[in-house]
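Bear in mind these aren't lab numbers, they're just calculated from the coordinates by the rules spelled out. Owing to the predicted nature of the structure, the values given are computational and were not obtained by experimental measurement. For neighbour counting, all protein chains shown are included, and Cβ atoms are generated from backbone atoms with ideal geometry for every residue, glycine included.
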Amino acid sequence: MEKHENKKLKTVLITCLSGMGDVAMTIPIVYPVCEANPQMSFVFVTQQEYASMFVNRPANLIVLGIDFDKYKGITGPMKLARNLHHRYNFDALADLNGVLRTWLMSIALRQKDVTIATIDKGGKEKKALVGGKTRTQLKTTHERYRAVFKKLGLKSGKEFVSIEDYGEPLVSPIVPVKDADEKWIAIAPFSTHRGKEYPLEQMRLVVAEMSRWENCHLFLMGGGKKERDALAPIMRRYSNVLSLPHIKHSLVDELALMRHCDVMISMDSASMHLASLVALPVVSVWGATHPHCGFLGWHQAMRDTVQLELDCRPCSVLGNKKCRYGDYHCMRDINPELILDKVKTVLER
């Protein structure tokens, strides 16, 4: 049971220990909360590799990237919680995850008289959605994040637009100079799960067509050797296509590039949420999952989504289930022209 008290809070621990997309989705909520509550301090704990995402963070926000290999097993998260409490003496926990690790941290912190507020992930509603019992829009993940801070009695703050509003414009040595008449399109064709990934052979057709558009430059997004190898033939074939995995770069470099782009094509993946941090419109392609589950990017429009209305979808909240038919036709049956038309619409807006 969550503990709620009418005591004055001074320092709040925020936890989001899951994937990059989930962490990116916290920023449009966390930054305004920090700004609206300047008398308080906030400590955000996340995976080590995601800490660099928090550029231009408010002065009262500390971001800690944790190596969780040092905190394994049942006792590991409890040890981490005690160590953090000893260091920062926080009096509240905003758990934006609601997973085993953060539950174990909560157990340790209740012994320290810490007020706990945990996300309601809406498990039953999402189960009904993927089970075909409903087709209604559920609360967004952003709304669920905001509700956690509301439980603690904190002000929500002004509406987030771009991460650049909180500091300096993002710059990077890998970003070329953009001419006024050029159109830059970012393409993020990969996802963790097959059910959320548009077939690469069909995405190649999308790239082939856009490469012929006048004054158009394409930037392929991805990471790791597998994705680098998959994108290499596409980059070599077209002079106006650049593959980012073939260039040494950081997460901040990606954000700096995105802020200069005019539109992104993305799956239901972390790239959509990174683009949202710099107010880049995204044409998002959906297969096994559905925006109704609440994972559409911040201020992204439903009209810019590409998806087929099928009785069998959504079949999964996270896209990690195998296709019951084995062919993932929710993705394979999407005609490349549908994606191209959406991109043209955004560019002409």
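Which of rounded, prolate, oblate describes segment 191-349, given a ≥ b ≥ c as roots of the alpha-carbon gyration tensor eigenvalues and a/c under 1.5 marking rounded, otherwise prolate only if a/b is larger than b/c?
rounded
Residue by residue through segment 211-226, what is 3J(HN,Hα) from phi via Karplus (6.51 cos²θ - 1.76 cosθ + 1.60, θ = phi - 60°)? Round to whole Hz and write x for glycine and proline.
Each residue's phi maps through the Karplus curve to give 5, 8, 6, 5, 6, 10, 10, 10, 10, 8, 9, x, x, x, 4, 4 Hz.
Just rank S266, S191, S316, fewest to most, by other beta-carbon atoms within 10 angstrom.
S316, S191, S266
For V285, which sequence-distant residues (separation of 5 or more, or a different chain) have an amide H within less than 5 Å of its own amide H, given hydrogens modelled in the peptide plane?
Residues meeting the amide H criterion: S266, M267, D268, V306.
Rounded, prolate or oblate: which one fits the chain, using the alpha carbon gyration tensor with axes a ≥ b ≥ c (rounded when a/c is under 1.5, else prolate when a/b beats b/c, else oblate)?
prolate
In whole angstrom, note down how far apart the Cα centers of segment 316-349 and segment 196-214 are.
12 Å
Step through the table entries K10/K248; K127/K196; K127/K248, compare each Cα-Cα distance with 29 Å, and write down the pairs that go over it.
As for pairs spanning more than 29 Å Cα to Cα, those are K10/K248; K127/K248.
Using a ≥ b ≥ c from the Cα gyration tensor of segment 11-166 (square roots of the eigenvalues), is it rounded, prolate or oblate, where a/c under 1.5 gives rounded and otherwise the larger of a/b and b/c decides, a/b for prolate?
oblate
Show the residues, 5+ positions off or on another chain, whose built amide H is closer than 5 Å to the amide H of S243.
Distant-sequence amide H within range of S243: L220.
Given Cβ point charges of +1 (Lys, Arg) and -1 (Asp, Glu) and nothing else, what value in debye, to the nearest 20, does the dipole of segment 11-166 about its Cα centre take?
That gives segment 11-166 a dipole magnitude of about 680 debye.
Quick one: angle between helix 100-110 and the longest Cα principal axis of the chain, in degrees between 0 and 90, rounded to 10, please.
20 degrees
Hey, what do the phi angles of segment 233-244 turn into as Karplus ³J(HN,Hα) couplings, whole Hz, using 6.51/-1.76/1.60 and θ = phi - 60°, x for Gly and Pro?
With coefficients 6.51, -1.76 and 1.60, one gets x, 5, 5, 5, 7, 10, 6, 9, 10, 10, 9, 5 Hz.
Across segment 112-117, in residue order, what do the Karplus-derived ³J(HN,Hα) couplings come to in whole Hz, using 6.51 cos²θ - 1.76 cosθ + 1.60 with θ = phi - 60° and x for Gly and Pro?
Rounded to whole hertz, the list is 9, 6, 8, 6, 10, 10.
Straight-line reach only, C-alpha to C-alpha below 19 angstrom: list the lysines that K79 could link to, leaving out same-chain residues fewer than 8 apart.
The reachable lysines, counting only those whose Cα sits under 19 Å from K79, are K70, K112.
For the chain, modelled as a Gaussian network with Cα springs under 10 Å, which listed residue fluctuates most, D327, D253, D91?
Greatest mean-square fluctuation among the candidates belongs to D327.
How high is the relative contact order of the chain, given as a whole-number percent (alpha carbon pairs under 8 Å, six or more residues apart)?
18 percent
To make sure I understand the rule: partners must be lysines, Cα under 17 Å from the Cα of K121, and not fewer than 8 residues away in the same chain. Which ones qualify?
The reachable lysines, counting only those whose Cα sits under 17 Å from K121, are K139, K150, K151.
Where is the GNM fluctuation largest for the chain (alpha-carbon springs, 10 angstrom cutoff): R212, R204, R313?
R212
Rank by packing, highest mean first: peptides 140-147, 245-252, 281-288, 39-46, with packing defined as the count of other Cβ atoms within 10 Å averaged across residues.
The densest-packed peptide leads the list: 281-288, 39-46, 140-147, 245-252.
Sequence neighbours fewer than 8 away in the same chain don't count; with that in mind, list the aspartates and glutamates whose C-alpha is under 12 Å from K155.
E35
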